[in-house]
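What follows is one structure encoded as structure tokens, with my remarks underneath.
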Amino acid sequence: MEIKAYDRVKTARSGGRPMGKYYIDNMIEDFCELHGDRRYGDDGAIIGGVGFLGGKPVTVIAMERGETVEDRMARHFGCPAPEGYRKALRLMKQAEKFGRPIICFIGSPGAYCGIEAENRGQGEAIAENLFEMMGISVPIISVVAGEGGSGGALALGVCDSLIMLENAIYSVISPEGCASILWKDSAKAPDAAEALRLTAPDLYKFGIADKIIDETDKTNEKICKDLKDYIVAQIELCEKYSAQELLDKRYGKFRKIK
Amino acid sequence: MFLKNLFKKEADRKCTKCGAEIPYKKLSENAFICPKCGAYMRMKASERLALIADAKTFSEQNADLKCKNPIDFPGYDEKIEKAKADSGLEDAVVCGTCEIGGEKCAIFVMDSSFMMGSMGTTVGEKITSLFEYALDNSLPVVGFTTSGGARMQEGILSLMQMAKVSGAVKRHSDGKNLYIAVLTDPTTGGVTASFAMLGDIIIAEPKALIGFAGKRVIEQTTGEKLPEGFQTAEFMLSHGFVDIIAERKNLKEKLATLLKIHKGGKR
């Protein structure tokens, strides 16, 4: 039986679902978290750092919404502020300098929405990441692990290989937002979820997601292991290309979407 | 299609701020600024080009790229038909080349009369192609933005246009070519979070609404009252995100000067 899009939305958002921190803890050895954007502050919704993946040095950028109530408040429920995106870019440029691949974990309702975020240029921060990531000459592998909420998710999604977990979603707008704008009724979110074509199988069909990691009947440990194996293989594949070939392929990946 | 529109007899318009009824001729002669209250009214792409491009220099590109319904979104086909009838356009942007004060450039002008200037695959494709053309021909790009953001009826494909256009801007920039973004009312959402904020020089029209998240959404989410002048061009200037606020009547001259200055450097 086909799973309804809105059921996947609920699964992608569900409280117990592993997010960035889980994957760092279970996939990366000797992880060292690195803080701050060197401009304004440190954003809790994005964890950045360095470590080893299968024995090779990598930079990891991961969205995290937190587990306890306190932790969630501190990470403002996984909605990154401009300084989060700027921290991510700083660490990606550092990765480029040292020739390390970059792994991004995406899972966020969207970029933080508030007065302070606008004051500090939320739009500019996202735009800068899209622009610069298209030119970072080390492999970038992005994984949508939970809810891929619009521009706030895309800001870590300019990559060479986009992996989606089976029940992850990725959308231009939340189904609730879409329903309330189009039909003045956020209760019609399930209809919007179908119409938006936001599931992993949809994105795979569009050629935007390159790989779906199955979740059905698997433990979190097994999902994490399968994901790790696939990321390692993708990095090896990317490293066969010259820097220019890699960047041309990355540009081509997005250029063909029309 | 586009040129025909340019010379079509236009109906008189009401000022969006003070409500004054203004004869079209008078309004167009006044750069679409209300002669009564001074408010800047939104302009169609054809009107903007008539104001900015030197006479008879504009040559349109990709005029035949039509808006489509790529994810078969319910009700979108009807919306497209209505938008086409309302705006006389095939989608929310007009692209091409022109001269400004004798300086040749590539130019894109978004048009809010087509589905609030939202960006779907066709808008993304046209602007991307323009930056690629400008890179191949070493031309500067002047871009006028006005947009409600990414177009939700084209789903994830719209979102991806943000990355696609930003990539094309990056390649154009790496070729040491100039991009001037002119932000007009309103510039929001996914357009702000991509090519609107990527100009080497960012100009804004006075009082234009410029921001990422919608005002109502911010109020509802945070429960905070928004400060006066929040998300205006002046707000963006004082927060360091805009280089210049240019009066509409001086805009062409300002653009021509900037284009001339950027011809002079050693590249």
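I'd like to verify a number: residues in region B:23-44 that are modelled with pLDDT under 95 and of a type in the set (Val, Ile, Thr), how many?
Of the residues in region B:23-44, 0 are modelled with pLDDT under 95 and of a type in the set (Val, Ile, Thr).
Can you tell me how many residues within region A:186-222 are of a type in the set (D, E, K, R), in a loop (DSSP other than H, G, I, E, B) and more than 9 Å from chain B (Cβ to nearest Cβ)?
5
If I ask for residues that are surrounded by fewer than 15 Cβ atoms within 10 Å (Cβ to Cβ) and of a type in the set (Asp, Glu), which ones from region B:223-251 would you list?
The answer is B:224, B:228, B:247.
What about residue A:120, is it of a type in the set (Lys, Arg) and touching a Gly at 6+ places or on another chain (Cβ under 7 Å)?
The answer is no for residue A:120.
Here is a check on your reading of the model: is residue A:88 closer than 17 Å to residue A:37 by Cα, in contact with a Phe, Trp or Tyr (Cβ under 8 Å, 6 or more places away or on another chain) and of a type in the set (A, V, I, L, M)?
no
Considering B:136, B:77, B:91, which residue is among the acidic types (Asp, Glu) and either within 12 Å of another protein chain (Cβ to nearest Cβ) or in contact (Cβ under 8 Å) with a residue 24 or more places away in the chain (or both)?
B:91
Within region A:145-152, is even one residue free of Cβ contacts under 8 Å to residues at least 40 places away in the same chain and acidic (Asp, Glu)?
no
Tell me, which helices (runs of 4 or more DSSP H) wholly within region A:73-162 include 3 or more residues that are within 13 Å of chain B (Cβ to nearest Cβ) and open to solvent by less than 10 Å² (accessible area, probe 1.4 Å)?
A:122-133, A:150-154
Please tell me if residue B:11 is part of a loop (DSSP other than H, G, I, E, B), open to solvent by 30 Å² or more (accessible area, probe 1.4 Å) and among the aliphatic types (A, V, I, L, M).
Yes.
With (1) within 11 Å of another protein chain (Cβ to nearest Cβ); (2) touching a residue at least 40 places away in the same chain (Cβ under 8 Å); (3) crowded, with 24+ Cβ neighbours inside 10 Å as the list, and residue B:184 as the residue in question, which single condition is left unmet?
(1)
The values are calculated or read from the model by the stated rules, or taken from the named source; none is laboratory data. The structure presented is a predicted model; accordingly, all values stated were derived computationally and were not measured. Virtual Cβ from ideal backbone geometry, glycine too; neighbours counted across all protein chains shown. The area values use the complete protein model at the heavy-atom level, side chains included, leaving out ligands, DNA and RNA. Shrake-Rupley method; radii C 1.70, N 1.55, O 1.52, S 1.80 Å.
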